[in-house]
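These notes are about the structure you will find just below.
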There are 2 protein chains.
Amino acid sequence: MALTQVSSNKRCDGYQKVFEHDSSELKCKMKFAIYLPPKAESSKCPVLYSLSGLSCTEQNFITKAGSQQAASEHGIIYINISTFTVYSGCNIEGEDESWDLGTGAGFYVNATQEPWKTNYHMYSYVTEELPRLINSNFPNLGKYKACIYLTLHRLKLFSGYLGPDKSTWELYDATVMAESYSGPELDILIDQGRDGLFLSSSQLRPDNLIAAFSKQKIPVVFRLQQGYDHSYYFIFSFIIDHIKHHAKYLNA
Amino acid sequence: MALTQVSSNKRCDGYQKVFEHDSSELKCKMKFAIYLPPKAESSKCPVLYSLSGLSCTEQNFITKAGSQQAASEHGIIYINISTFTVYSGCNIEGEDESWDLGTGAGFYVNATQEPWKTNYHMYSYVTEELPRLINSNFPNLGKYKACIYLTLHRLKLFSGYLGPDKSTWELYDATVMAESYSGPELDILIDQGRDGLFLSSSQLRPDNLIAAFSKQKIPVVFRLQQGYDHSYYFIFSFIIDHIKHHAKYLNA
């Protein structure tokens, strides 16, 4: 699949680029951003994928998160995608009526319900199509591991994409995944702003996830950060710790 | 003068705040952003003032420049102002017609020409009113030194604010100031993107400034950064070096 370069800017000795392409999964145009650290010019580098939340284009993360300094230092290729613009070319009736259903709200699931099920295949896009595209277009990629930040939105809106049967929601539920996990050993770092709206209104339930880890004896460092909210100010404050955490394994 | 807090977000252990006030110099509402590092809670901290360029509100710098990590680490209070919104309440005829004259284009001069001369007193605002306001409202300020990043725009547009007599422009010209400098010893660090539009079109003339420093035997580190432009990607890439440079003296 052909990539079109939208922009390229030097940053922290490397390059922050944005590309556009036609997605076969989503049946529309898709954009992603890729940060190439200076090390990528001469040797292979591992890749880190970051998935933004509601209403974000690829610009939110690249302008506000401050990830490039640490990615440059640790030799990490950093990819982040646009979840907002992704569906804006589909012209589905009602797609722009709600901030948390339709355009800007992919939730990284494969929709099974009308009118979403033709285009809204974000799960397959991020787990299959995008990594394939990246691996075939960027020759300096080395080790590939999907390291994805998850936040739990057990929102009623899932029913719009997946229908009322809650058992179909569980495929995308980190707590359910943790409860039945039996893969290689994990080392998990989670930061959570203590004073954000989504936590206090119980739309985020990190306690459920922690309970599942404990039951399964999966080691986790969970930091409930006093005074912080759910914004990019919060992400900016801790992104360096997270890149360092991943780099320890990716560069090992 | 009373300050109204517009926002406050925890960031890098400190707080990023925005305030609004009535400016007596500018005769309109004015906003500024202040980052308070964690150290400011218990002891005095030095202050660094950063002046944004054309078309910027206070948001550009606080979201894109990535200054808070280093300000937090070095215990620096960081202030940046809005040059865009500053004049938007003045209702001067023609103020919105050009991106580089009128609203969004203060240039930190005191205008002497109509229709600007009543409100456009940005020089007095940043050198007198703002520091007075900051010092009287934030009890934890310690040493105060104005450390301002300058870029040279010897634009014809200066004539709009200052009239055709170029000798009146020289008050605001860093090269002219350097040529007659006789104050305390300086240690100057300048970063300049080599591949930006303003440099290649000769609207920026760092060579003139360097020549003045050389003549005056003022030490300077000038880094012409290959591949970089004039954007916030460039600022983000080097802001840590600059805060560290200032902190060396401010915390001494």
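Among the residues of segment A:183-197, none qualifies, meaning not one is more than 24 Å from A:Ile79 (Cα to Cα), among the basic types (Lys, Arg) and under 19 Å from the mean Cα position of the chain (by Cα). Among the residues of segment A:1-17, those identified as part of a strand (DSSP E or B) and more than 12 Å from chain B (Cβ to nearest Cβ) are A:Thr4, A:Gln5, A:Val6.
Please verify whether B:Trp116 is away from every other protein chain (no Cβ under 14 Å) and in contact with a Phe, Trp or Tyr (Cβ under 6 Å, 6 or more places away or on another chain), treating the condition exactly as stated. So B:Trp116 passes the test.
Annotation: of all residues in segment A:84-113 being under 18 Å from A:Ser24 (Cα atoms) and among the aliphatic types (A, V, I, L, M), the one that is modelled with the lowest pLDDT is A:Val86. For A:Leu204, which of the numbered conditions (1) within 14 Å of chain B (Cβ to nearest Cβ); (2) under 19 Å from the mean Cα position of the chain (by Cα) fails to hold? Failing condition for A:Leu204: (1).
The single residue among A:Ile218, A:Ile210 that is over 30 Å from B:Phe61 (Cβ atoms) and in a loop (DSSP other than H, G, I, E, B) turns out to be A:Ile218. On the stretch given as segment B:209-252, residues that are under 23 Å from B:Ala40 (Cβ atoms) and either in contact with a strand residue (DSSP E or B) (Cβ under 8 Å, 6 or more places away or on another chain) or more than 14 Å from every other protein chain (Cβ to nearest Cβ) (or both) total 11.
Scanning segment B:81-103 turns up no residue that is buried (at least 16 other Cβ atoms within 10 Å of the Cβ), within 14 Å of another protein chain (Cβ to nearest Cβ) and among the hydrophobic types (A, V, I, L, M, F, W, C). Is at least one residue of segment B:109-121 farther than 15 Å from B:Ser23 by Cβ, surrounded by fewer than 21 Cβ atoms within 10 Å (Cβ to Cβ), under 16 Å from the mean Cα position of the chain (by Cα) and hydrophobic (A, V, I, L, M, F, W, C)? Within segment B:109-121 (the criterion being farther than 15 Å from B:Ser23 by Cβ, surrounded by fewer than 21 Cβ atoms within 10 Å (Cβ to Cβ), under 16 Å from the mean Cα position of the chain (by Cα) and hydrophobic (A, V, I, L, M, F, W, C)), the answer is yes, since at least one residue qualifies.
Okay, residues lined up against (1) of a type in the set (Asp, Glu); (2) touching a residue at least 24 places away in the same chain (Cβ under 8 Å); (3) in contact with a helix residue (DSSP H, G or I) (Cβ under 7 Å, 6 or more places away or on another chain):
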{"site": "B:Phe198", "(1), (2), (3)": "no, yes, no"}
{"site": "B:Ile218", "(1), (2), (3)": "no, yes, yes"}
{"site": "B:Val221", "(1), (2), (3)": "no, yes, no"}
{"site": "B:Leu224", "(1), (2), (3)": "no, yes, no"}
{"site": "B:Tyr228", "(1), (2), (3)": "no, yes, yes"}
{"site": "B:Ser237", "(1), (2), (3)": "no, no, no"}
{"site": "B:Ile240", "(1), (2), (3)": "no, yes, yes"}
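On inspection, A:Gly53 fails the criterion of being within 14 Å of chain B (Cβ to nearest Cβ), out of contact with any strand residue (DSSP E or B) (no Cβ under 6 Å at 6 or more places or on another chain), in contact (Cβ under 8 Å) with a residue 60 or more places away in the chain and part of a loop (DSSP other than H, G, I, E, B). Going through (1) assigned to a strand (DSSP E or B); (2) surrounded by 20 or more Cβ atoms within 10 Å (Cβ to Cβ); (3) touching a residue at least 40 places away in the same chain (Cβ under 8 Å) one by one, B:Ala40 falls short only on (1).
The values are calculated or read from the model by the stated rules, or taken from the named source; none is laboratory data. Bear in mind that the values here come from a model prediction, so they are computed numbers and not experimental data. Glycine also receives a Cβ, built like all others from the backbone with ideal geometry; neighbour counts cover every protein chain displayed.
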